[in-house]
1. Under a 5 Å amide H to amide H cut-off, with H placed in plane at 1.01 Å, what residues pair with residue 239 once short-range neighbours are removed?
2. Determine, for 254, 65, the number of other Cβ atoms within 10 Å of each Cβ, and report the residues in order from fewest to most.
3. Counting each DSSP H run of 4 or more residues in the chain as -39500 (n - 2.57), what helix-only mean residue ellipticity at 222 nm follows after dividing by all residues, to the nearest 500 deg cm²/dmol?
4. Mean 1/r over all different Cα pairs, inverted: what Kirkwood radius does segment 214-328 give, in Å?
5. State the antiparallel share, in %, of DSSP beta bridges confined to the chain, rounding to the nearest 5.
6. Select from segment 34-140 those GluC sites (Glu not before Pro) which occupy a DSSP coil region and have at most 11 other Cβ atoms within 10 Å, ordered by residue number.
7. So what is Rg over Rh here for segment 1-113, counting just Cα atoms and using Kirkwood for Rh?
8. Of 50, 234, 114, which has the largest mean-square fluctuation in a 10 Å C-alpha GNM of the chain?
Amino acid sequence: MTKILIIYTGGTIGMVNDPLTGALIPFDFKQIRQNVPELTRLNYHLDVHSFDPILDSSNMNPIIWAELAGIIERTYHEYDGFVILHGSDTMAYTASALSFMLKNLAKPVVLTGSQLPIGEIRTDAKENLITALEIVATKNNGLAMVPEVCIYFDYQLFRGNRAIKYNSEKFEAFQSPNYHILAEAGVNLSFYGNYIHHHPKGAFQVQSDFNPNIGVLKLYPGITPQAVQAITRSSVDAIVLETFGSGNTTTAPWFIQSLQEALDQQKLIIDISQCQGGSVELGKYETSKKLQQMGIISGFDMTFEATVTKLMYLMGQRYSNVEIAALMEQSLRGELTH
């Protein structure tokens, strides 16, 4: 029998209405079959690990990511795969972080949640949970069909480090602007094998050390030296620079000098686009040629969530700046196209 571990961190999916107050309260996921009776028809062995206390996903952080990775590491050989129930607001961050932490992953780790509580009549929670379980259970020639960290939401399966939350009101909450979906749930489950990771050859490893000491500098027309230097002159170890279009910035001398000062202080600077679709192409225009010459790192078509978590992860592994710069521009877990 297929064995799956459900890890409940919190989020809307696990909420029901309190019959006394009408307020949303978490239900006990250990009684999951009572709340989702359809699960009895799946014929899976399901175990549940619930966080105590449960966590609003806005409070997610690298310590919790390490805890999640540790649960998977300790139980890895007991289960065919894992479903993580998670608030949607930071789900793409957690999925990205786990993709880097879980090296040589050969089993599915599927994050899902919902926009409406599981007790609501029109809830999307039951479909998301049931289909996530079916995806984890699907095998091809005895091997997991999707041996990677994914997000399942509203009939689509996304690579975890390629997904973004783009809508807070629709059931269709996630998109993957620069990568094809991995599977789609219609009358049948359709998997797009050309886009799914191959099974790894190495042994499964968990690397959970993160260094979160980074800053984010988002450019806008009219940005002032004070705003820029509040980041470039701070004590962060690295800066994610959110630029225009294909990686372009103002060429004002004071701005270039501010970046150079940060580089001279051994700060890493990674250039990603504010556009959800497309890629950074340093040097394509005059407005990014200087950045390329200075040694600014290209984030290519990585999402903001993947860039932030990959950077924290690499810095946590204590690589040198030269090594981090090279690895940021390489695809480690399918997070970028290059």
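1. 215, 268, 269, 270
2. Details: 254 11, 65 22.
Arranged by neighbour count, lowest to highest, 254, 65 become 254, 65.
3. Numbers: 9 runs with 92 residues, N = 338.
So the helix-based figure for the chain works out to -8000 deg cm²/dmol.
4. Details: mean 1/r = 0.0717 Å⁻¹.
For segment 214-328, the Kirkwood estimate is 14.0 Å.
5. Working: 19 of 50 bridges.
About 40 percent, rounded to the nearest 5.
6. On the way: sites: 38, 67, 73, 78, 120, 127, 134; in loops: 78, 120.
Here the GluC sites (Glu not before Pro) that fit, given the DSSP loop and packing criteria, are 78.
7. Reported Rg/Rh (Cα atoms, Kirkwood Rh): 0.97.
8. 234
The numbers here are math on the coordinates, done by the rules we state, and not lab data. Nothing here was measured: the structure is a model prediction, and the numbers come from that model. Using ideal geometry, Cβ is built from the backbone for each residue, glycine included, and neighbour counts are taken over all protein chains shown.
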